[in-house]
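Each remark here refers to the structure printed beneath this line.
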Amino acid sequence: MTTELLLIQALNGLQLGVLLFLVAAGLTLVFGVMDFINLAHGVQYMLGAYLAAWLSAATGSFWLGLLLALPAALACGLLLEFLVFRHLYDRDHLSQVLATFGVILFLNQAVKAIWGTAPLQVPIPALLEGGIPILPGLHYPIYRIALLAAGLATAALLWVLVERTKIGMLVRAGATNAPMVAALGVDIRRLFMIVFGFGAMLAGFAGAMAGPIFSVEPGMGDTVLILAFVVIVIGGIGSVRGAFLAALLVGLIDTLGKSLMPDLMRLFLDASAARQAGAALASMLIYIAMAAILAIRPAGLFPVRGA
């Protein structure tokens, strides 16, 4: 692999990492604060992508569509919390898994009924078209760099919100000991609703930003959900800092592994067998990394205090 290709794949890995963080940040807070397993978090990513694609087409502006998609994703998340999820907080994890899996099936069919089964293509906004030189003769798409910058800015804003505000203090306390927070007079149900809605909006933002790169289609959130669970397990359940670092790690391992493993296998196998073995091993790398990290730190890299 050439240096240029390695650099491009590393940037692609970081870009995937920030997208995973936007999804995993809300998921780790919901799981850490509420002890609630939400398998439907991936469909909120999908809803954000569909809402942004639809609103961008309706308004004729990517930026206006993105701006409108965020409150729409927040509203969808709060509606799901009111209609379904708040009735599951006191149920066991198996009930939560089954109910939220039902939400996945319902919403996947709903987007098919509304927007059809054909993938939707979201054009890159004119302002972010083209590429910028990162090496002589090598250009990298401006939109991908903007996505990376937006993800990092959101991560910094989320850190300030969680670490430097009163609501963030309550979220951190809830992630450590939710019953004690409730005993001190905090409306824990309202805190749950805020966390859930904010997590849904973050996932929707990730989907909206991913639309111009990946096709918008039913079920697009399923793979992202699996990777997001890997991220929160590696980073530590309830830890935003852990989710950020683990997301970057998973993004780099996944992207670079898919690029490097076939070449590495050619040292031992013929070209055809190396390609197949490399692809198979690359898909396993993030789970191998997760197992290795958990063997050393069972609570994850950055568990919340008291975990």
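Data table
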{"quantity": "Amide hydrogen neighbours beyond the local backbone of V216, cut-off 5 Å, H modeled", "calculated": "L120, V122"}
{"quantity": "Distant-in-sequence amide H partners of G131 (H built 1.01 Å from N, under 5 Å)", "calculated": "I142"}
{"quantity": "Calculated from backbone phi, Karplus (6.51, -1.76, 1.60) coupling profile of segment 149-162 in Hz, x at Gly/Pro", "calculated": "5, 5, x, 5, 5, 5, 4, 5, 5, 5, 4, 4, 4, 6"}
{"quantity": "Sites L135 and I213 - FRET efficiency at Förster radius 25 Å, r taken between beta-carbons, to 0.05", "calculated": "0.70"}
{"quantity": "Mean Cα-pair separation over length for the chain, i.e. relative contact order, pairs under 8 Å, 6 or more apart, %", "calculated": "35"}
{"quantity": "Cα-based helix-to-principal-axis angle, 93-115 vs the chain, degrees rounded to 10", "calculated": "60"}
{"quantity": "Relative exposure of Y143, Y45, Y89, Y287, judged by other C-beta atoms within 10 Å (fewest first)", "calculated": "Y287, Y89, Y143, Y45"}
{"quantity": "Given charges at Cβ of Lys, Arg, Asp, Glu: the chain dipole, positive-most of S61, I124, A295", "calculated": "A295"}
{"quantity": "Using a Förster distance of 35 Å, the FRET efficiency for V84-R275 (Cβ separation, nearest 0.05)", "calculated": "0.20"}
{"quantity": "Two-site FRET efficiency, L294 against E163, from Cβ-Cβ distance with R₀ of 30 Å, rounded to 0.05", "calculated": "0.70"}
{"quantity": "Largest-first ellipsoid semi-axes for segment 68-196, taking √(5λ) over the Cα gyration tensor eigenvalues, angstrom", "calculated": "36, 25, 12"}
{"quantity": "Angle in degrees between helix 188-210 and the longest Cα principal axis of the chain, rounded to the nearest 10", "calculated": "20"}
{"quantity": "Length-normalised contact order for segment 68-208 - Cα pairs under 8 Å, 6+ apart - percent", "calculated": "41"}
{"quantity": "Alpha-carbon Rg with Dmax, taken over the chain, Å", "calculated": "19.9, 66"}
{"quantity": "Table column - 3J(HN,Hα) (Hz), segment 254-266, Karplus curve with 6.51, -1.76, 1.60, x for Gly and Pro", "calculated": "5, 6, 5, x, 5, 8, 8, 4, x, 5, 5, 5, 5"}
{"quantity": "Per-peptide average of other Cβ atoms within 10 Å, ordering 15-28, 264-277, 227-240 highest first", "calculated": "15-28, 227-240, 264-277"}
{"quantity": "Charged-residue dipole, Cβ positions (Lys, Arg, Asp, Glu), the chain about Cα centre, Debye nearest 20", "calculated": "500"}
{"quantity": "For segment 222-231, Karplus couplings with θ = phi - 60° (6.51, -1.76, 1.60), whole Hz, Gly/Pro x", "calculated": "5, 5, 4, 4, 4, 5, 5, 5, 4, 4"}
{"quantity": "Between 0 and 90°, nearest 10: helix 3-34 axis offset from the chain longest Cα axis", "calculated": "10"}
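A short reminder: the numbers here are calculations on the coordinates, not readings from a lab. Keep in mind that this is a model prediction, so the values were computed, not measured. Positions of Cβ are backbone-derived with ideal geometry, glycine not excepted, and every protein chain shown enters the neighbour counts.
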